[in-house]
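The values are calculated or read from the model by the stated rules, or taken from the named source; none is laboratory data. In this text the structure is predicted, and so the values were computed from the model without any measurement. These area figures cover heavy atoms from the full protein model, side chains too; ligands, DNA and RNA do not enter into them. Shrake-Rupley method; radii C 1.70, N 1.55, O 1.52, S 1.80 Å.
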Amino acid sequence: SDISFDDTDNPQIKRLAALGIINGFGDGTFRPDDWLTREQAAVILARLYDCVKDENTTIPKGENHSYADDNEISDWAKNGVSFAYNMGIMHGVGENRFEPQGAYSVEQSGVTILRMYNLLEKSEQGM
């Protein structure tokens, strides 16, 4: 891939960028030492799902869930957050808050990866 970032040459990161799962930042950086926000994670999970799902799988249109902190969700992340909620992959953090700028913890990443796996497994079984 000819995709590159100024601050990493990791081939797996380049592959994820080539697949459209990650974009990096507008200044040409990936920022590998930054922590991942919850809204960034939701977008990555949505893109990953779209990349690995079966071609016949349709993404159900869910309800328009409204979090108390919806106004804090970046415009570029709104579809990803909605997808993650509607697919049951990510939930709020309590008090009907998504906390989009909050850190995406190791525990949260493990839980959401398992939920994604279960979702993909069900779609492969035709459920």
Report summary line: GNM on the chain, Cα springs under 10 Å; top mean-square fluctuation among Ala68, Ala41, Ala103 goes to Ala68
Report summary line: Mean projected area, convex hull of alpha-carbon positions in the chain, reported to one decimal in nm², is 8.6
Query raised in the report: Tell me, what is the Rg over Rh of the range 76-127, with Rh the Kirkwood radius over Cα pairs?
Result: 1.01
Report summary line: Hydrophobic long helices for the chain, i.e. whole DSSP H runs reaching 20 angstrom or more by Cα along the axis with Kyte-Doolittle mean at least 0.0, come out as 38-52
Query - Within a Gaussian network of the chain (alpha carbon springs, distance under 10 Å), most fluctuating of Asp54, Asp70, Asp34 - result: Asp34
Query raised in the report: Roughly how many percent of the accessible protein surface of the chain is carbon and sulfur, given a 1.4 Å probe and a whole-percent answer?
Result: 48
Query raised in the report: Once every DSSP H run of n ≥ 4 in the chain is given -39500 (n - 2.57) and the sum is divided by its residues, what mean residue ellipticity at 222 nm do you get, rounded to the nearest 500 deg cm²/dmol?
Result: -12500 deg cm²/dmol
Query raised in the report: How much accessible area per residue does the chain have, in Å², with a 1.4 Å probe?
Result: 64
Requested in this report: Tell me which residues come under 5 Å, amide H to amide H, from Thr8 once H is placed; ignore anything under 5 positions away on its chain.
Outcome: Phe30
